[in-house]
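Below: one structure, written as structure tokens.
The values are calculated or read from the model by the stated rules, or taken from the named source; none is laboratory data. All figures in this text were calculated on a predicted structure; none of them were measured in a lab. With ideal geometry, Cβ positions are generated from the backbone for all residues, glycine too; neighbour counts draw on all protein chains shown. Protein only, heavy atoms only, side chains kept; ligands, DNA and RNA dropped before computing areas. Shrake-Rupley method; radii C 1.70, N 1.55, O 1.52, S 1.80 Å.
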Amino acid sequence: MTKNTKVSLTVVAVVVAVVAALLVITNLGDDAPAAQVDAPPVVPASILVRPDSHRLSDPAGSKVTVVEFLDLECEACGAAFPGVERLRAEYGDRVTFVMRYFPIPSHQNAELAARAVEAAGKQGKLEPMYRLMFEKQPEWGDQRVSHRETFLGFARELGLDLQAFETALDDPVTLGRVLADRTDGANIGVEGTPTFFVNGVKFTGSPSYQGLKSVIDRELAK
């Protein structure tokens, strides 16, 4: 056997060995289990919806619960508001919608607005005040002055007892109720607004009508 022949055979043997090794690795890869994708964490219902949480709709036998942590001064919350109202109109007989406060400290009137909604609720007008806050948000939002008088005007518009409204507005219990919501939100990972949870799972898509509708439909179909 010539020297060249020996070299050629050695090269062929090496190539065969490499190809065989690659085939083994490929087969092992085919047999290996696919990587597991962790399911999103589910927030306990006992934290997400407290006994005193504001249920804007709560139909009997509801299979789906949508919880929104919102800031009444937040422009993104204001932008999401019409879509949420549309979803409530379409799904309110099947889906529970819950509103929870999450006033951002940098928004000067957000906490006061939440207290105003809470105070209106003492006279059975929580939902009308909640709507007014968003419908008239351009009049008072994103401003560095107090809008207490603006909110008193909203109370007059709703026909509330102003003295009782102001008493509730300034009651430390009212503030505590608002801050308790914000604390719960912070504890379950709310960092900005609006933040939605659908059946305990944090919604990570666009907070649009269509985005939320898709998740609600999926949950209803289960």
Let me confirm something: among Glu157, Glu191, Glu139, Glu166, which residue is closer than 28 Å to Tyr91 by Cα and charged (D, E, K, R)?
Glu191
Looking at the stretch 94-142 only, could you name the residues that are open to solvent by less than 60 Å² (accessible area, probe 1.4 Å) and assigned to a loop (DSSP other than H, G, I, E, B)?
Phe102, Pro103, Ile104, His107, Asn109, Lys136, Gly141
For Val49, indicate whether it is open to solvent by 10 Å² or more (accessible area, probe 1.4 Å), touching a strand residue (DSSP E or B) at 6+ places or on another chain (Cβ under 9 Å), at pLDDT 95 or above and among the β-branched types (Val, Ile, Thr).
yes
Of (1) out of contact with any helix residue (DSSP H, G or I) (no Cβ under 8 Å at 6 or more places or on another chain); (2) farther than 20 Å from Pro82 by Cβ; (3) open to solvent by 50 Å² or more (accessible area, probe 1.4 Å), Val190 satisfies all except one. Which?
(3)
List pairs: first in the stretch 157-172 and touching a residue at least 40 places away in the same chain (Cβ under 8 Å), second basic (Lys, Arg) and in a helix (DSSP H, G or I), Cβ under 7 Å, 6+ apart or cross-chain?
Leu169/Arg115
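Let's see how each residue does on (1) outside any strand (DSSP E or B); (2) at pLDDT 95 or above; (3) touching a helix residue (DSSP H, G or I) at 6+ places or on another chain (Cβ under 7 Å); (4) surrounded by fewer than 19 Cβ atoms within 10 Å (Cβ to Cβ):
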position	(1), (2), (3), (4)
Pro33	yes, no, no, yes
Leu56	no, yes, yes, yes
Cys77	yes, yes, no, no
Glu90	yes, yes, no, yes
Select, from Leu169, Leu162, Leu175, the only residue that is out of contact with any Pro (no Cβ under 9 Å at 6 or more places or on another chain) and over 19 Å from His107 (Cβ atoms).
Leu162
Can you list residue pairs whose Cβ atoms sit under 8 Å apart, with the first residue in the stretch 118-136 being over 14 Å from Arg100 (Cβ atoms) and the second being among the charged types (D, E, K, R) and outside any helix (DSSP H, G or I)? Count only pairs 6 or more apart in sequence or on different chains.
Ala119/Asp171; Gln123/Asp161
